[in-house]
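Participant: The structure's right below; bear with me while I get my questions together.
The values are calculated or read from the model by the stated rules, or taken from the named source; none is laboratory data. Here the structure is a predicted model, which means the values were calculated and not measured. Backbone-built Cβ (ideal geometry, glycine too); neighbour counts: all protein chains shown. Surface areas here come from the heavy atoms of the whole protein model, side chains and all, with no ligands, DNA or RNA. Shrake-Rupley method; radii C 1.70, N 1.55, O 1.52, S 1.80 Å.
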There are 2 protein chains.
Amino acid sequence: MFDTSGWTLNDWRVAYQQGAQPDELLPQLLARCAADDPAWIALLDQDGLDQALTELAATLAQAGGDPARLPLYGVPCAVKDNIDARGFPTTAACPEFAYQPTEDATVVAKLKAAGAVVIGKTNLDQFATGLVGTRSPYGAVANTFDPEVISGGSSSGSASVVARGLVPFALGTDTAGSGRVPAGLNNLVGLKPTRGAFSMTGVVPACRSLDCVSVFALTVDDAAAVSARLTGLDDRDVFSRTGTAAGDGPAIRRPGPIRRLAIPAPHHWLGDDATVAAWQRSLADWPQLGIELVPMAFDPLLELAELLYQGPWVAERHAAIGDFLQQQGESVHPVVRGIIESASQFDASATFRAQYRREELLRRIDQALADVDGLLVPTAPIAPTIAAVQADPLTLNSQLGTFTNFVNLADFCALAIPAGFREDGLPFGVTLISGAWKDQALQTLASQWLNRHPLPLGATDRPRPLETGPDSSQTASPEPGDDTITVAVVG
Amino acid sequence: MFDTSGWTLNDWRVAYQQGAQPDELLPQLLARCAADDPAWIALLDQDGLDQALTELAATLAQAGGDPARLPLYGVPCAVKDNIDARGFPTTAACPEFAYQPTEDATVVAKLKAAGAVVIGKTNLDQFATGLVGTRSPYGAVANTFDPEVISGGSSSGSASVVARGLVPFALGTDTAGSGRVPAGLNNLVGLKPTRGAFSMTGVVPACRSLDCVSVFALTVDDAAAVSARLTGLDDRDVFSRTGTAAGDGPAIRRPGPIRRLAIPAPHHWLGDDATVAAWQRSLADWPQLGIELVPMAFDPLLELAELLYQGPWVAERHAAIGDFLQQQGESVHPVVRGIIESASQFDASATFRAQYRREELLRRIDQALADVDGLLVPTAPIAPTIAAVQADPLTLNSQLGTFTNFVNLADFCALAIPAGFREDGLPFGVTLISGAWKDQALQTLASQWLNRHPLPLGATDRPRPLETGPDSSQTASPEPGDDTITVAVVG
C-alpha cells in the first residue's frame, strides 16, 4: 500500500520505475477520494477507472510499451469541470447546463497522450465566474489550511485537490485570476500561460478573447513539465497561437532574463495587515537573486482591471451562455446570473469605446513598464472567510482580483508561487508577471527563489524538493555566494 | 505664367530649382480653382495664402534656406475635409458639425514640415460614410471622365482635384475603400497604407480601429514619396504603430518580393461587362513581370467584408459621432444617418460574437492565402451614374466595396493603380493587396507594371513618366527581354 499523498511528478515516475503499476496505485488513490468532498464534482467510478486503465495501456502500447516515452505515464490528475473530459459530464458547476462531451478538450487529449489519467472533475465558481470558490451548487470549497476561509476560485476544486496532495497537478482556467488566486490561497504553484499558448477547444467559454487554461502543481518544475505538454497551435481554436517575445517595445515585452521587477506602491494595499506583513517579509529575498525591485504606481494596470470588471467584457460571458440563461435562468447561481445579465447595459458603441480605452491604457502601461522586465505582486491581497464572502459576494470578489484582473487584458503571462505564511497560518503567495511568451523566464526565476525557501508542498507536510528550472540558459546571473566555491589560489 | 496642371512632384521640384517661386506659382494655381467646384469645400483665400507662404518661408529658414532639404518644398496639396488643417474649419461634409481646429492633424503637420502647402479642403461622403461621392450637402462630385458618373468616395474631392491635375497629391482616408474606389474610378494611384503606419491624430474618426489616412497621386513614385513623409509612430494615437512583415505565417504576411497573386474567381463578378472586359485585358501583362496569377474563391474575404458592412463595426461610427447625431440628427445626410443609427441594433454580446467571427474568418483567409504573396483585384467592380446611386443609395455603394471592404479588417495594405480604360472611356483600376508592412513590395511591383503601360496621368492629357520604384532591392526578378541588352560574345 503506497501513500501517494503529496507526490510530485518525479515521485510518480520513480514509483513506476521501481515496479509499481497504475492498476495498483490509482485504485488506492481513488479509494482515498471522498465523493462528498465539495472539491470534486465527479470522480472515476470502477467502470470509468477500468476504461481509463485500458486507454492508458493502449497509449503505452502505441509508445512501444516503454513508460519512459510517456512523460506523464500513470500520473493522476484532476480537471476543472468547465473542461471536457470524455466519460464525465461537463457541468461548469451548473447541473442543468451539463452535457456529455463526445471528445476530450484538446488539453485533456494532450495530457492523456502523455500518459496522464483524469481521476475526476473539480468544482468551480459557476461558469468560472468568480474568484472565491463559493458560487457553486456543489458547495463552497474550503481553504486547505482553514475550513472557514475561502479556497479562492474560480478553479477552487482543482486547487484544493492539488494542495491536499491527492493529485500532483490539475487543470484550471484563468480569465481574471481563476488559476492564480486559489494557488495563492492554498500554497500552490499556479501557471497562467501566455494567452493562446494552450488550446481552448472543448472548454466552456467565459470571456473567449481572454480565457486561458491554467495548471496547478506543487512545484514549478511540475507546472512547467505539464505546460510543455499543453503548448501548441490548435487549428480549431481561433485564439490559439504561437509566438515569441517581441524584439522591440518596452522591456517587459522583450525577451531575456528578468532583472528588474516592478512592485505595487503601498497605496494599493487594501488594509489586510496580515497579508501586507507577509508580503513585506517576502520582499527580502529577491535582491540575493540579482533582482532589483522597483516600487511603482500600478494605477493604469488597475484601471485596466476595472475595465474588465465594470466594462463590456462581461458580455463575452453573455455571448457564451446567454441563450441558456434566457431559457433556464432560475438554474443559475443568483450572483453569477446577476453578473452575466449586467451585460445588457452595454451596447456596441460602448464596447468599442471600452476597447479604445483598453488601447489607451495599454500604451500608458507599456510606457510605465518600459524599463522593468516584469511585475511582482501579492497573488491575493486578502484572505476572507466563506461567511464574509457570502455576506458581501461582490466587493470581496473584486478585491481578490486586484493583482490578477489586468493580466490577460494586458497580454501578460503569470506564475503564482508560494511565498510563506501569514501570522495566522494561512499561506501567502506572490505572482510573477511578464509579457507574452516570457513564461520560461518566469519559471526560471521562480525556481531560483523557491530553492531558497523550504516551504512545505501545498497543505501537505512534505518538504519541498529543489527545483531544477525549465531552462538554465535563461537564468539571471546568480550572485556569488551560496552556490559558488571560493578557491584560494596559492602562488 | 506656368501651367502647373498635371505636374508631378518632380515637375514642381524642377520648376523651383529653375527659379520659380511659390508666391508666383501658388496664386496662379489658386486662380484656376473654382470656389463653386463641388470637389472643394474650402480653398485658401488671399489671407490664407499669405499666411501659408509666410509659414513656408519660416520652414525654409529652419532648413537653412535650402529648398533641397524640404522634399515637398512649395508643393500644393489638398486635404480631405475630415482631416484637421489649421486655418480651415473641419466639416466632415456636415456644416453643422464644423469646428475650427487649433492645430494640424499629425499627417498635415508632417506634410507642412516637408514644405507642402495645403491649398484647400476637399469634399467627401459625409463623415466618410460611403464609397460613392454623392452623400454630401456640398454636392455630388462628378467623375473626372464623365460628369454623369460618380467620382467614387468617400474621398471624392481629393481624387477629383488630383485627377484633374490641380494638385500632384491629396490626402484621403480609407476605412472600407474610401482611398481606393475613387482612385480606381479616376485613373489615379490610391495608397492605403498598413493600418497604423500614418497617425490618425486630428482626423474625424469613422471606425477608429480600422481607419487609415490615404494618399492620392498621379504616380506610384509620388504616392510613395508622400507616404515616406507620413510614416511613423505617434504617441497621441493609440492605433499608431510601427512594424515589419511577420517572419512566419502565410506567404501573404511574410516579407519578400511578390511572385504569386491571387485573383478573384469569375463567380465574384457583378455583371458589369465593361469592367469585366477591362479586367481581363489587364491580366495579360503580369506574367511578363514574373508574376503568377492564381484564380481563387474569395468567399472568406467577402464574408469578412460583409461583417464590416452588416456587423457591429458601424457602432464605431456611432461611438464617434453618436452624440452629435442625437443632438442635431436633422443636419445629417439621411442615408448617412440611417447607416449610423443602425448601430443601435447591436449589443455588446453581438459585438464580441462578430469579433470571434472575424478571428475565424482570418484563420480561413490565412489558410487560403498560405501560398500567395498578395491579391490582385479590380478596384471597383462597377462604375454607376450619380443618378443610379441616388435612386438606390445602399446597394450600389455596397457593391462598390466588394474588393476593398475586407482589407483593413484583414490587416492588409493596398495600392490602387490605373489599369487601362473601359470601352466606354471610363478608367479602370486594379488594386494590389498584401499583408501589413508590405507596402513597399506593392509599390515596387506597381511601378514595374505601370512602366509597361503608357496611360495618361489622371484625367489630364499628360504622358506618364517612368516610375523609379521605391526600393530596387525588393524587385521581383525581371524576365529577360525589354530591359536587357543581348551581348554577343565573339570568341
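Participant: Out of (1) within 14 Å of chain A (Cβ to nearest Cβ); (2) at pLDDT 95 or above; (3) open to solvent by 30 Å² or more (accessible area, probe 1.4 Å), the odd one out for B:ASP371 is which?
Facilitator: (1)
Participant: Determine if the range A:238-250 includes at least one residue that is more than 11 Å from chain B (Cβ to nearest Cβ), outside any loop (DSSP other than H, G, I, E, B) and open to solvent by less than 20 Å² (accessible area, probe 1.4 Å).
Facilitator: no
Participant: With the checklist (1) modelled with pLDDT under 95; (2) open to solvent by less than 10 Å² (accessible area, probe 1.4 Å) in hand, flag the one item B:LEU301 doesn't pass.
Facilitator: (1)
Participant: Which residues, taken from the range A:338-358, are farther than 15 Å from A:LEU409 by Cβ, open to solvent by less than 70 Å² (accessible area, probe 1.4 Å) and more than 8 Å from chain B (Cβ to nearest Cβ)?
Facilitator: A:GLY338, A:ILE339, A:ILE340, A:SER342, listed by residue number.
Participant: Also: In the range B:97-119, which residue that is out of contact with any Leu (no Cβ under 8 Å at 6 or more places or on another chain) and of a type in the set (Val, Ile, Thr) is surrounded by the most Cβ atoms within 10 Å (Cβ to Cβ)?
Facilitator: Top of the filtered list is B:THR106.
Participant: A further question follows. Are any of the residues in the range B:316-332 hydroxyl-bearing (Ser, Thr, Tyr), more than 27 Å from B:ALA370 (Cβ to Cβ) and open to solvent by 10 Å² or more (accessible area, probe 1.4 Å)?
Facilitator: yes
Participant: Okay, next question. Search the range B:196-214 for residues being aliphatic (A, V, I, L, M) and under 15 Å from B:PHE412 (Cβ atoms), and hand back the single one that is surrounded by the most Cβ atoms within 10 Å (Cβ to Cβ).
Facilitator: Checked the range B:196-214; the qualifying residue surrounded by the most Cβ atoms within 10 Å (Cβ to Cβ) is B:ALA197.
Participant: What number goes with the only condition from (1) open to solvent by less than 10 Å² (accessible area, probe 1.4 Å); (2) within 14 Å of chain A (Cβ to nearest Cβ) that B:THR379 does not pass?
Facilitator: (2)
Participant: List, please: which pairs have Cβ atoms under 8 Å, are six or more places apart or on different chains, and start with a residue in the range B:310-334 that is under 14 Å from B:THR129 (Cβ atoms) and more than 8 Å from chain A (Cβ to nearest Cβ) and end with one that is of a type in the set (D, E, K, R) and not in a helix (DSSP H, G or I)?
Facilitator: What qualifies is B:ALA320/B:ARG208; B:HIS333/B:ARG135.
Participant: Quick one: how many residues across the range B:284-303 are more than 13 Å from chain A (Cβ to nearest Cβ) and in a helix (DSSP H, G or I)?
Facilitator: The total comes to 9.
Participant: Condition first: over 26 Å from B:LEU450 (Cβ atoms), assigned to a loop (DSSP other than H, G, I, E, B) and within 14 Å of chain A (Cβ to nearest Cβ). Can you find one or more residues in the range B:227-234 that meet it?
Facilitator: So far as the range B:227-234 goes, yes, one or more of its residues are over 26 Å from B:LEU450 (Cβ atoms), assigned to a loop (DSSP other than H, G, I, E, B) and within 14 Å of chain A (Cβ to nearest Cβ).
Participant: May I pose another question? I'd like the residue in the range B:184-207 that is out of contact with any helix residue (DSSP H, G or I) (no Cβ under 6 Å at 6 or more places or on another chain) and not in a loop (DSSP other than H, G, I, E, B) and, out of all such residues, is nearest to B:THR231 (Cα to Cα).
Facilitator: Among those residues, the one meeting the criterion is B:LYS192.
Participant: Right, next: Aliphatic (A, V, I, L, M), more than 30 Å from A:ASN143 (Cα to Cα) and free of Cβ contacts under 8 Å to residues at least 24 places away in the same chain: does that describe A:ALA34?
Facilitator: The answer is no for A:ALA34.
Participant: Among the residues in the range B:256-263, are any surrounded by fewer than 16 Cβ atoms within 10 Å (Cβ to Cβ) and more than 28 Å from B:ASN451 (Cα to Cα)?
Facilitator: no
Participant: A further question follows. Considering only the range B:419-436, I want to know if a residue exists there that is among the hydroxyl-bearing types (Ser, Thr, Tyr) and in contact with a Cys (Cβ under 7 Å, 6 or more places away or on another chain).
Facilitator: Within the range B:419-436, one or more residues are among the hydroxyl-bearing types (Ser, Thr, Tyr) and in contact with a Cys (Cβ under 7 Å, 6 or more places away or on another chain).
Participant: May I pose another question? Within the range A:166-209, which residues are β-branched (Val, Ile, Thr) and in contact with a Cys (Cβ under 6 Å, 6 or more places away or on another chain)?
Facilitator: Answer for the range A:166-209, where residues must be β-branched (Val, Ile, Thr) and in contact with a Cys (Cβ under 6 Å, 6 or more places away or on another chain): A:VAL167, A:THR175, A:THR194.
Participant: If you don't mind, another one. Restrict the check to the range B:353-365 and report whether at least one residue is in a helix (DSSP H, G or I), within 29 Å of B:ASN187 (Cα to Cα), in contact with a Leu (Cβ under 9 Å, 6 or more places away or on another chain) and modelled with pLDDT of 95 or more.
Facilitator: no
Participant: Which condition does B:LEU30 not pass, out of (1) open to solvent by less than 60 Å² (accessible area, probe 1.4 Å); (2) at pLDDT below 95, if it passes all the others?
Facilitator: If we test B:LEU30 against (1) open to solvent by less than 60 Å² (accessible area, probe 1.4 Å); (2) at pLDDT below 95, just (2) comes out false.
Participant: So, A:LEU396, is that one within 14 Å of chain B (Cβ to nearest Cβ) and either open to solvent by 10 Å² or more (accessible area, probe 1.4 Å) or at pLDDT below 95 (or both) or not?
Facilitator: Criteria not met by A:LEU396.
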